[in-house]
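Structure first, then comments.
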Amino acid sequence: MPSVTRPAGSKRHGRREELERRLFAATEELVSHGAGFTELSVERLAAAAGISRSTFYVHFEDKGDLVRRLATTVLAELRDVSSDWWDTAEHAVAADLTAAVSAIVDIYRRRAAAFTIITETAAYDSTVADEVRTLMQSIIDATRNAIERGQAAGVMRQVAPAETAAVLTWMVERAGYQLIRGSEPAHDHTIIQVLTDIIRTTLYTTTPSSA
């Protein structure tokens, strides 16, 4: 059987993704155990990920670049799970909204350290702040589109789509950052219920069906 040779570019891309995953995991682990990200040196981050300082700089410009890529990865996770509701919002199925909110809460729980790193770095690094705003705006835009489809289908109230999408998106973000990170997992069910109720009553003309 002939062997299959993968393109060199594909192998390099795979190595880069693996290195990113290791650095993200190592950085989140350090922060979750009390280390302040601003005080963490590149040397310590590289050592925790099992790479050299020089290898770090081959793949990242600096710590800010690391955080920008971390933000892209984590917020992409939020987009992916939110799409479970966006794609079906006009069908008004309660289970789709609940599932999406539950998955969002789970990401904030699992990636709590990542959100700490991103938020704290964005406070003093304008490039990280710009990246976060751009990524959040993409989530707001997708939410607005879902609201507009729901209004066209006659299942959502005639709220202002853009402004409502922005308020709901930032509400979920603040709840995730302020409430989920600082609470016990046992409270997640209540937070999910509250967020789901607020979104449902804000948007839908009637209670979404359970089917």
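Read-outs throughout are calculated quantities, based only on the coordinates presented, and are distinct from any laboratory measurement. From a predicted model like this one, the values you see are computed outputs, not experimental measurements. Neighbour counts are summed over all protein chains in view; Cβ atoms, including those assigned to glycine, are modelled from backbone coordinates with ideal geometry.
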Check ARG157: other-chain or 5+ apart residues with amide H under 5 Å from its amide H, H built from backbone geometry? TYR204, THR205
HIS91/ILE198 FRET efficiency (R0 22 Å; Cβ-Cβ; nearest 0.05): 0.65
According to a simple spin-label model (label point 7 Å from Cα along Cα-to-Cβ), what is the distance in nm between HIS187 and ASP141? 3.5
Using label points projected 7 Å from each Cα along Cα→Cβ, tell me how many nm separate THR55 and VAL159, to one decimal. 4.8
Correct option for mean projected area of the Cα convex hull in nm² [calculated from the coordinates] among (1) 18.8; (2) 15.6; (3) 16.7: (2)
With everything on Cα atoms, drop me the angle between helix 126-152 and the longest principal axis of the chain, reported from 0 to 90° to the nearest 10. 30
Using just the helices of the chain, give the 222 nm mean residue ellipticity in deg cm²/dmol: DSSP H runs with n ≥ 4 each add -39,500 (n - 2.57), and the total is spread over all residues, rounded to 500. -23500 deg cm²/dmol
Quote the relative contact order of the chain in percent (integer), defining contacts as alpha-carbon pairs under 8 Å separated by 6+ residues. 23
Among ALA92, ALA152, ALA26, whose mean-square fluctuation peaks in a Gaussian network model of the chain (Cα, cutoff 10 Å)? ALA152
Apply the a/c threshold of 1.5 to the C-alpha gyration tensor of region 20-77 and tell me whether it is rounded, prolate or oblate. oblate
Taking each pair of distinct Cα atoms in region 69-131 once, what is the resulting Kirkwood hydrodynamic radius in Å? 12.7
Roughly how big is region 67-203's charge dipole about its Cα centre, with Cβ charges of +1 (Lys, Arg) and -1 (Asp, Glu), in debye to the nearest 20? 120
